[in-house]
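K.L.:
First, the structure itself, so that you have it in front of you.
FYI, it's all coordinate maths here, none of it is from the lab. Worth saying up front: this structure is predicted, and the values here are computed from it rather than measured. Positions of Cβ are backbone-derived with ideal geometry, glycine not excepted, and every protein chain shown enters the neighbour counts.
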Amino acid sequence: MIGEGEFPASVVALSAKKQLAFALLVFERMLPSLIAFSKDTGFDASCYLRAKEAVWAALQNGPVDQELNRACIQRAPDTEDFSHELTSYALNAALAIGYIVEFTLDGRADHIADVLTLARDSVYLYLSSLEPSVASSPEEDGRIASHTLMQEEQRKEEDDIRFLSGLPDEFGEDVLLTLKARVSNQPPLLPFAR
């Protein structure tokens, strides 16, 4: 989980387009949980897929329509309505794309921090479910923070930042193809969503 003051300064140092691309790379790792949830429950994830495509287009064309974001927020899977084991992960992915759309509208880096928090919260939730305990403790938090899966996600984020730092600031078709190739070669955030 990202605590206050843990937002990587290297993300803030990226241009706004690169911050947006970074958030998309993280979201794309989260998306398989939402897709699996949708397939299992019949939940309509189409607005999230449309929002994702609109954000990819925003890398070249500017902000995403706020109405699409509102529709997605209103349709987010409610943990009180679904008892499926993937509900919380699907909700985190749905909220993440909402924060990303908000970023296209106002450029506030805290939205990117929120996406990172949701991704790491999903990993934390998954790891804590492997060995459930009655209450969270500093020992459990430390065990989860040092777990291979959490460390892998943090390494992927750092690799994404380095990768994006090396890209040109203008995102032409060639850069978008490079980014999409990176997405297609990355594993999902959680192992069960493969």
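K.L.:
Checking Asn92 against (1) among the polar types (S, T, N, Q); (2) surrounded by 13 or more Cβ atoms within 10 Å (Cβ to Cβ); (3) farther than 28 Å from Ala58 by Cβ, which test does it fail?
P.N.:
(3)
K.L.:
Please pick out the residue among Leu14, Leu24 that is assigned to a loop (DSSP other than H, G, I, E, B) and either in contact with a strand residue (DSSP E or B) (Cβ under 8 Å, 6 or more places away or on another chain) or crowded, with 19+ Cβ neighbours inside 10 Å (or both).
P.N.:
Leu14
K.L.:
Now a separate question. Just name the residue that is surrounded by the fewest Cβ atoms within 10 Å (Cβ to Cβ) out of those in region 61-77 that are aliphatic (A, V, I, L, M) and outside any helix (DSSP H, G or I).
P.N.:
Once the filter is applied, the top-ranked residue is Ala76.
K.L.:
Determine which single condition Gln60 fails, assuming it passes every other condition in (1) free of Cβ contacts under 8 Å to residues at least 60 places away in the same chain; (2) over 19 Å from the mean Cα position of the chain (by Cα).
P.N.:
(1)
K.L.:
On to the next question. Mind counting the residues in region 115-148 that are surrounded by fewer than 16 Cβ atoms within 10 Å (Cβ to Cβ) and hydrophobic (A, V, I, L, M, F, W, C)?
P.N.:
Counting residues in region 115-148 that are surrounded by fewer than 16 Cβ atoms within 10 Å (Cβ to Cβ) and hydrophobic (A, V, I, L, M, F, W, C) gives 5.
K.L.:
Ok, one more. Taking interchain pairs and intrachain pairs at least six residues apart, which have beta carbon atoms under 7 angstrom, with the first residue in region 70-89 and closer than 15 Å to Asp121 by Cα and the second of a type in the set (D, E, K, R)?
P.N.:
Partner pairs satisfying both residue conditions: Leu86/Asp40.
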